[in-house]
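Data block below; observations after.
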């Protein structure tokens, strides 16, 4: 429709884009919805982090027997009908639960929100493994006769399934898709949403990460084959980043979705603000399929801090990615040690010791566990460090017991993933 | 399309329009309005769904042909087959 | 023509009737666009929030409620036509309602969703009228409002053939008038029949969350069926050419075209769109006669109403004298009568609403409110809030002003001015014009009315009105062509 009006409109859009690039709008987090092995509300989850309570339990994994894993215990029927739970996926249920909780938390009158201007951006490590493995198993019961393969399989396994199920459940007609970024995906959801809000693509973003990975034996078996699957007689002690006796990853499911808005919109409606997106960086190791590269991680962290207009001394909490693999923890400590050399007051912790590795949800969930520190100045610890590995002995580590900080104005959230993807996200305390 | 298939098709349309009706014992030769709680709005919907799903047109003057399942089959089967012949 | 700005049908107004019409048309593959001036859907039954708290505009209770499995009723017809599962509306029945007259509350009737209760009340309190009442109820019970024509007969005259006691007559008319009459003092017998059936022979209900689940279901159905809805996009003018609507001019000046237009904004309001003058809020008060309007106060309590002993009544229709005068008052508010609605007192299956809610509605004079400058308007609202609370308080178990204030966390109030501002209906009219247009005709071949002025009343009625308009004037018209 090439009329005078649309040309003028096009010019206006270009002008406003230019303006935004010159000074991008500030982005804030206004609502949180989560489910984790340690709780289904922020307060429950935070309380367990402060009390040193682990959410890991033993589950039966097909072909592998009992394994430590992080399982979520939320009620999918709170926001879905039985039929939708049956037709959809676990990741979809987790996403819907978190999105609805975040919307309930953020104070918006959802019935009045323009659904065409809402975007859903969810980070995932993988999607489709659970459904495919289970369907192949079901098929084996019918002698692999493919006539019995479910017609629900395609919509269940497309990578955007979690975001799509949220869009269906809430009637959201704006963009809805996932971002595949291995274990960095949780941060990527938030970063991408900030960018979309800054571009004016949407007015409200539901962003974060989700994972259903405990439903597939394949991920457990692969980690085991890599020598990277944790084991311990007591499941609550199986995830032990930085500990001398750590022996690998505890696989977990979970989800954390934030409502994100441009700061001006949030202030205008009197929203409660959990924090502001300060800065970020995403880069790649380009080194190895699996093993991390401390040099590239350090570079990623430094660039994020610069992007936020800060110096390392101004970072108050560093939430490490550390998954409790023997090598991975060491590489990250090297990177952090280098960037924060001489920073006496930085507090370093880890959430995977409590909830295991929530894959696509990790970055988003681990950030949520630290956001309340802006208000109460308490830094939660990393637990299960009975004997600190000397190669991970960073002076700022908060071990086993929470610590009160002098100041919490900036939180750095690290998430690194396979194929060398690194992400560092900085959230700053919002001041009016 | 056989007449029996046509009756099944009409029943499946009625099932979508009136999901609360029990269709298990519908007698094909008795007027539908005497066995089921269907009013003129429901009959309009049967006509509309025939058009929407199958491209079949039923002029208002011929609505009376849809009075019972048997009369539906008599009237609609040739229309279905005519359409199939054209495609 | 398949251009982006041409539709099969444009529907003016995203209220209950407009949405229902849209669902019917979209379901059968028509390209529909609903244009709504306000930012929220629902029209006279919309919703809003203040201070993080959600409110309903219109809904006290949905009439026409029948238990699951009841056949051949307006509610059943509505669910079928819109392909809605009954459970999606999640309707919860009332506990009981009371009509009470006399300053001491001396005379009254109780009724529930079981029509036997009202019959029993009349048999006990008006034993000489019970036979007449039964005759009246029977004749009204076989009524089909979709086929009904505006009989023009006076409801009072017909009722008096069966009921000879003026007190009983007024007690029966009171709820029906408050919940649906656009006429002062009397009603068209056809309208009376619709209201009598929907309240006394059927019943009252409300979803736990109020109006929002109903609107959500309608919006979802419409969206899934492929309908388009433009909010903050009112219709400013309808351009006529050769006895048809040739173009629809929107508030921003742009034009869209359609083969059909269905308007839910009211008969006179629609005719105003046809005139050359651009849209103006608040039409001339004289035009179209006097309109009945209301003020309503909403009080949010930190306690459940039953803690005040107000736990039994869902609705109380009160009148402080023996004869009931339903008319536009001379003063801003008529304190003599009104409706108390306590949304907590529906049967929610063991659940409690999170807060206590009490609504008081009284007849109001639009002109008296419309003329006030803003600070005077606010002051008047505060004054009348107190007066209405006191007036209504005479008909509930007494509670001291101090106790009520201590328990009150929030109040809100809307006036005839609020209604016109948000819905565009003239003079704050909630039930439209006293002259209904049963066939929905406007004189233009492709422009038809639905909603209140088409003559179907209540939330169920207005949705059926939209359905009937879509069926009759678009879907069947095409079939005839």
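Report the residues of the range C:319-363 in range of a label on residue C:185: point 7 Å along Cα→C-beta, backbone N strictly under 11 Å from it.
C:325-328
List the pair-distance distribution P(r) of the range A:369-412, using every Cα-Cα distance, as the percent of pairs falling in each 5 Å bin from 0 up to the bin containing the longest distance, rounded to whole percents.
All Cα pairs, binned at 5 Å, distribute as 5, 20, 29, 22, 14, 9, 1 percent.
Between residue C:331 and residue B:52, what is the label-point separation in nm under the 7 Å Cα-to-beta-carbon projection?
About 5.3 nm separates the two model spin labels.
I'd like the mean, over residues of A:319-326, of how many other protein chain beta carbons sit within 10 Å of each residue's own Cβ.
Average neighbour count from other chains, rounded to a whole number: 0.
Given the Cα-Cα distance of residue A:295 and residue A:345 and 0.36 nm per residue of separation, how much length would full extension add, in nm?
Gain in length upon complete extension: 15.7 nm.
Rounding to the nearest 10 and keeping the result within 0 to 90°, find how far the Cα-based axis of helix C:458-469 lies from the longest principal axis of chain C.
Tilt of helix C:458-469: around 20 degrees.
Normalized C-alpha radius of gyration of the range C:97-245, against 2.2 N^0.38 Å?
Relative to the rule-of-thumb radius for its length, the range C:97-245 sits at 1.38.
If I take R0 = 56 Å and measure r between the Cβ atoms of residue C:230 and residue A:51 in this structure, what FRET efficiency does the formula 1/(1 + (r/R0)^6) give, to the nearest 0.05? List each step's numbers first, then the result.
Numbers: r = 52 Å, r/R0 = 0.93.
Calculated value: 0.60.
In the range C:387-479, how does Rg compare with the Kirkwood Rh, expressed as the Rg/Rh ratio over alpha carbon atoms?
When Rh is taken as the Kirkwood radius, the ratio is 1.22.
Arranged by the count of other C-beta atoms within 10 angstrom, fewest first, what order do A:321, C:260, A:307 take?
A:307, C:260, A:321
Using the per-residue mean of other Cβ atoms lying within 10 Å as a proxy for protection, in what order, highest first, do the peptides C:186-199, A:129-142 fall?
Values: C:186-199: 24.1, A:129-142: 14.9.
In descending order of packing, they fall as C:186-199, A:129-142.
Let me have the relative contact order for the range C:287-423, percent, based on Cα pairs under 8 Å that are six or more residues apart. It would help to have the intermediate numbers written out before the result.
Working: 215 pairs, mean separation 52.4, N = 137.
Rounded, it is 38 percent for the range C:287-423.
P(r) for the range A:283-366, please, calculated from all Cα pair distances in 5 Å bins and given in %.
Computed distribution, short to long bins: 3, 14, 22, 26, 22, 11, 2.
Which three semi-axes in whole Å describe the equivalent ellipsoid of the range A:27-268, each the square root of 5 times a Cα gyration tensor eigenvalue, listed largest first?
Whole-Å semi-axes of the equivalent ellipsoid: 31, 24, 15.
Against the longest principal axis of chain B, how steep is helix B:69-86, in degrees 0 to 90 to the nearest 10, with axes from Cα atoms?
It is inclined by approximately 20 degrees.
Can you give the relative contact order of chain A as a percent, counting alpha carbon pairs under 8 Å and 6+ residues apart?
Values: 1069 pairs, mean separation 96.4, N = 432.
Once normalised by length, the contact order is 22 percent.
Work out how far the C-alpha atoms of chain B reach from end to end along every principal axis, then list the three figures in whole Å, largest first.
36, 23, 22
DSSP beta bridges in the protein assembly as shown, what fraction antiparallel, as a percent rounded to 5?
Approximately 65 percent, going by the DSSP bridge assignments.
Any chance you could get the radius of gyration and Dmax over the Cα atoms of the protein assembly as shown, in Å?
That works out to 32.7, 100 Å for Rg and Dmax.
Which of A:299, C:401 comes first, and how do the rest follow, when ranked by fewest Cβ neighbours within 10 Å? Each step should come with its number before you reach the end.
Working: A:299 18, C:401 11.
Sorted ascending by nearby Cβ count, the order is C:401, A:299.
At a 10 Å Cβ-Cβ cut-off, how would you order C:231, C:463, fewest neighbours first? Before the final figure, lay out each step's value.
Details: C:231 17, C:463 32.
Starting with the residue having the fewest Cβ neighbours, the order is C:231, C:463.
Could you give the nm distance between label points at residue A:154 and residue A:62, where each point is 7 Å from its Cα heading toward the beta carbon?
Taking the simple label geometry, residue A:154 and residue A:62 are separated by 2.3 nm.
Determine one quarter of the surface area of the Cα convex hull of the range A:64-205, which equals its mean projected area, and express it in nm² to one decimal.
Averaged projected area of the range A:64-205's Cα convex hull equals 10.3 nm².
Stokes-Einstein D for chain A at 37 °C, 0.692 mPa s, Kirkwood Rh over Cα pairs, in µm²/s?
Numbers: Rh = 21.8 Å.
My calculation gives 151 µm²/s for D.
Cα convex hull of the range C:223-269: mean projected area in nm², to one decimal? Numbers along the way, then the final one.
Numbers: hull surface 16.5 nm².
One quarter of the hull surface, i.e. the mean projection, equals 4.1 nm².
For the range C:287-423, what is the largest minus smallest coordinate of the Cα atoms on each principal axis, given in angstrom and ordered from greatest to least?
On the principal axes, the range C:287-423 reaches 49, 36, 29 Å in Cα extent.
Quick one: helix C:130-141 against the long Cα principal axis of chain C, what's the angle to the nearest 10°, folded into 0 to 90?
It is inclined by approximately 20 degrees.
Figure the gain on full extension for residue A:306 and residue A:406 (residue separation times 0.36 nm, minus the Cα-Cα span) and round it to one decimal in nm.
33.7 nm
Based on the Cβ-Cβ distance of residue B:33 and residue C:116, what FRET efficiency does E = 1/(1 + (r/R0)^6) give at R0 = 25 Å, to the nearest 0.05?
After rounding, the FRET efficiency stands at 0.25.
Please figure out what share of the DSSP beta bridges in chain A is antiparallel and state it in percent, rounded to the nearest 5.
Among the beta bridges of chain A, antiparallel pairing accounts for roughly 65 percent.
Checking a compactness column here: for the range A:333-432, what do you get for Rg(Cα) / (2.2 N^0.38 Å), N being the number of residues? List each step's numbers first, then the result.
Working: Rg = 13.6 Å, N = 100, 2.2 N^0.38 = 12.7 Å.
So the Cα radius of gyration is 1.07 times the expected 2.2 N^0.38 Å.
Can you work out the FRET efficiency for the pair residue C:68 and residue A:268, with r the C-beta to C-beta distance and R0 = 45 Å, to the nearest 0.05?
0.50
Report the dimensions of chain C along its three principal axes from the alpha-carbon atoms, largest first, rounded to Å.
The Cα atoms of chain C stretch 66, 52, 44 Å along their principal axes.
Evaluate the relative contact order of the range A:27-268 (contact order divided by residue number), counting alpha-carbon pairs under 8 angstrom at least 6 apart; express in whole percent.
Once divided by the residue count of the range A:27-268, the mean separation gives 31 percent.
Laboratory data are not the source of any read-out in this text; all were calculated from the coordinates shown. Because the structure is a prediction, the values reported are computed rather than measured. Reconstructed Cβ throughout: ideal geometry from the backbone, glycine too, with neighbour counts over all protein chains shown.
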